[in-house]
Amino acid sequence: MITAAIAGASGYAGGELLRLLVDHPGIEVGPLAAGGRAGERLGAVHPNLTTLADRPLLTTEPAALARADVVFLALPHGESAALVAQLPADLPVVDLGADFRLNDAAQWAHYYGGEHAGTWTYGLPELPGQRAAIASSTRIANPGCYATSVALALAPVLAAGLATTDDVVVVAASGTSGAGRKATDSLLATQVMGSMSAYKVGGTHQHTPEMEQSLSRAAGRAVTLSFTPLLAPMPRGIVATCTAPMTEGTDLEAVRAAIHEAYADEPFVHLLPEGAWPQTGSVAGSNAVHLQCAVDQHAGRVVVVSAIDNLGKGAAGQALQNANLILGLDETAGLSANGVAP
């Protein structure tokens, strides 16, 4: 049986990854490191993980992690690179943080600060060419949650030349777990319940260059994107409304055909029937992506709406999908396209 270690097991993404691994047919849970929560029982941090409740949370020691067959890093941005440098070079690693996502060192310095650690294989299998690249790699940069929802929504449209690339606009709302498990005034229940707010407006959100990078590769030309994120009063989920100016002759039939062709054989990406719009409740707890599209003839824009679980396809589910690929397992093992409702 393959053994998986997790650094950052006390966070939301780490906990979701453990929930998925418990029922994985080919991977068992190995060492669990948790930094500031080291010494506690897992059940004290994630009381939903009943079958793992007595597992101890360890300090983050490279030697302990290296005893596993695959390592997941669910650490704050900027902390993965130093730990990876102490792990064996041939040990498969999936990094859920941002450290190795960007190609451009200047973009890293601008949005995250500090020295750029390098670039790993980008772990979004549904993008052209990425599945084969992931399967032949041992180091995977797991995409950001917003970046996943936007790239999968717009990549087929831009690749087919149905929209231009110089005025892409995205407005996306995320549940509070997208901000991580930390105590801040803006995430207090009294601040979030019954309220919705924008944040990091004006091109300052750290996923902006990642989205532009993925979409530029799909389009074959540079993409300029305006991104406005919203904090929604829900624990998990992302719904992203993505628009771009349509090219001459673009109609709804062509847009639907491009999206259908791109994802017809994908187990987790689903173009909904006309008239049905993505909702976060339908993808909760799953690795699914729900898409719907429209052509706004009045404004001359293509509209694609996506919904994902930010902890599923946006983090832990995606990480497990990538691990399955690099380990030679069934890509869908331990994952489901079915959400939890109500």
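Readers should treat all values here as calculations from the given coordinates under stated rules, not as data from a laboratory. Predicted model only: the values in this text are computed from it and were never measured. Every residue, glycine as well, gets a Cβ built from its backbone with ideal geometry; the counts of neighbours run over all protein chains shown.
Once C-alpha pairs closer than 8 Å and six or more residues apart are averaged by separation and normalised to the residue number of the chain, the relative contact order reads 17 percent. Work out the charge dipole of the chain with +1 on the Cβ of Lys and Arg and -1 on the Cβ of Asp and Glu about the Cα centre, then indicate which of H77, A44, W120 is farthest towards its positive end. Going by the charge dipole, the pick is A44. Take every DSSP beta bridge whose two residues both sit in segment 146-310; close to 70 percent of them are antiparallel. Between A179 and A257, the contour length at 0.36 nm per residue exceeds the Cα-Cα span by 24.6 nm.
Backbone phi angles across segment 79-94, fed through the Karplus curve with coefficients 6.51, -1.76 and 1.60 (θ = phi - 60°), yield HN-Hα couplings of 9, 6, 4, 5, 6, 4, 4, 9, 9, x, 5, 9, 7, x, 9, 10 Hz in residue order; Gly and Pro are listed as x. Rounded if a/c is under 1.5, else prolate if a/b is larger than b/c, else oblate: which is segment 211-278, with a ≥ b ≥ c the root eigenvalues of its Cα gyration tensor? It is oblate, given that a/c is not under 1.5 and a/b is not larger than b/c. Volume per residue of the convex hull around the Cα atoms, evaluated for segment 48-149, comes out as 142 Å³.
Within the chain, DSSP assigns beta bridges of which about 50% are antiparallel (rounded to the nearest 5). Could you compute the FRET efficiency for A63 and Y199, with r as their C-beta to C-beta distance and R0 at 30 Å, rounded to 0.05? My answer for the efficiency is 0.15. Calculate log10 I(q)/I(0) of the chain for q = 0.07, 0.08, 0.09, 0.12 Å⁻¹, where I(q) comes from the Debye formula with a single equal point scatterer on each Cα and nothing for solvent. Those come out to -0.27, -0.35, -0.45, -0.82, one per q. Rounded to the nearest 500, the helix-only mean residue ellipticity at 222 nm of the chain stands at -7500 deg cm²/dmol, with each DSSP H run of n ≥ 4 adding -39,500 (n - 2.57). Extension gain, A264 to M1, is 91.4 nm, computed as 0.36 nm per intervening residue step minus the present C-alpha separation. Under the criterion of Cα pairs below 8 Å and six or more residues apart, the relative contact order for segment 170-250 equals 55 percent.
Separation of segment 163-224 and segment 299-342, taken as the distance between their Cα centroids, equals 18 angstrom.
Close amide H partners of R301, meaning residues 5 or more places away or on another chain with modelled amide H under 5 Å apart, are M246, D296. For segment 291-310, the residues whose amide N sits under 17 Å from a probe point set 7 Å from the Cα of D167 along the beta carbon direction are 295-304. By the count of neighbouring beta-carbon atoms within 10 Å, fewest first, T243, T204 end up ordered T204, T243.
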